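Report on one structure; see the data block that follows.
Coordinate-derived values only; no laboratory data. Remember, predicted model here, so these are calculated numbers, not experimental data. So basically every Cβ, Gly included, is an ideal-geometry build from the backbone, and we count neighbours across all protein chains shown.
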Amino acid sequence: MNAPSSGPEPELSPLLSPRLVYKVAAVVVLLAALTVIVSISGHRLGARLALAGHTSSQEIYDIFIGQDHLRLPANIIRFESQRATSIAERIDLYLTWPALEGYGENTRDLFDDINRPENLIFLQLSQSTMSQDMSGRLEPIYRHILSNEAHPGPAGLIRHDAKSNTSYAGEVFFTADRAGRPPYVLRCTLPADAEASTSADCQRDVHVGKDLTALYRFSSKLLPQWRLIDDSVETFVRSRLAP
């Protein structure tokens, strides 16, 4: 008969060695740290996604376009890549209508509601490439592509449809005489259904500053307010030009 073993009985041996305990503890700590990191990153990513490229910052940037120097707050600059003091070919802006304000806590809903395109006006500022703005191009260019028939439009505008055999076919131009000022000219692509309006139905460009073209776009739902829009946009741009 064999002598009894002097070692511990199997059922009395430790189930977990100290080394394994340390490894398990390290894994638990690592997982906890990763959970915290993921949670913080998730909150930050969620906040960025919620902003959808907008910013409420009102930090002022100096933008130099050609001969013109603009001072613009970050929250009216549409694209994140343009939010910096720089020499630029153009700058894209967006503004609430009619207040002409940038993105912020009080205006967030206006920027986020895609079903209300009349809430916003989009503005692009660039160095002038043509000697005449849209008003100045009426007689030398647009008259040749417009139908001879004219129809009354909203708020004193006159509607002219583009000829079907031109590259402007399907577009509509609106004009209006203005005492002591060049005629108002607006170019639109009107939706068949007014409810299908977008924030870029109509566009107009004007010369501002030393050598700047301000091209702005708005919903056709705002056509009755064309006078106020034109005056407001020009005043806004002039107010942002540095002396």
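Given +1 on the Cβ of Lys and Arg, -1 on the Cβ of Asp and Glu, and no further charges, what dipole in debye does the stretch 194-243 carry about its Cα centre, rounded to the nearest 20? Intermediate results must be reported in sequence, preceding the final value.
On the way: 7 positive and 7 negative charges, 29 e Å.
For the stretch 194-243, the charge dipole is close to 140 debye.
Measuring from centroid to centroid over Cα atoms, what is the spacing of the stretch 98-155 and the stretch 162-236 in Å?
Computed from Cα coordinates, the inter-centre distance equals 4 Å.
Let me know the charge dipole size of the stretch 111-243 about its Cα centre in debye, to the nearest 20, where only the beta-carbon of Lys, Arg (+1) and Asp, Glu (-1) is charged.
The calculated dipole for the stretch 111-243 is roughly 400 debye.
Would you work out the charge dipole size for the stretch 60-165 about its Cα centre, treating the Cβ of every Lys and Arg as +1 and the Cβ of every Asp and Glu as -1, and quote it to the nearest 20 debye?
On the way: 10 positive and 15 negative charges, 63 e Å.
Value, rounded to 20: 300 debye.
Kirkwood-based Rg over Rh for the stretch 76-210 (C-alpha set), two decimals?
On the way: Rg = 17.0 Å, Rh = 17.1 Å.
Ratio of gyration radius to Kirkwood radius for the stretch 76-210: 1.00.
What is the gain in length, in nm to one decimal, between Glu105 and Thr198 on full extension, counting 0.36 nm per residue of separation less the C-alpha to C-alpha distance?
Gain on extension, Glu105 to Thr198, equals 31.1 nm.
With the Cα gyration tensor of the stretch 97-167 in hand, give its eigenvalues times 5 under a square root as the equivalent ellipsoid semi-axes, listed largest first in whole angstrom.
33, 18, 11
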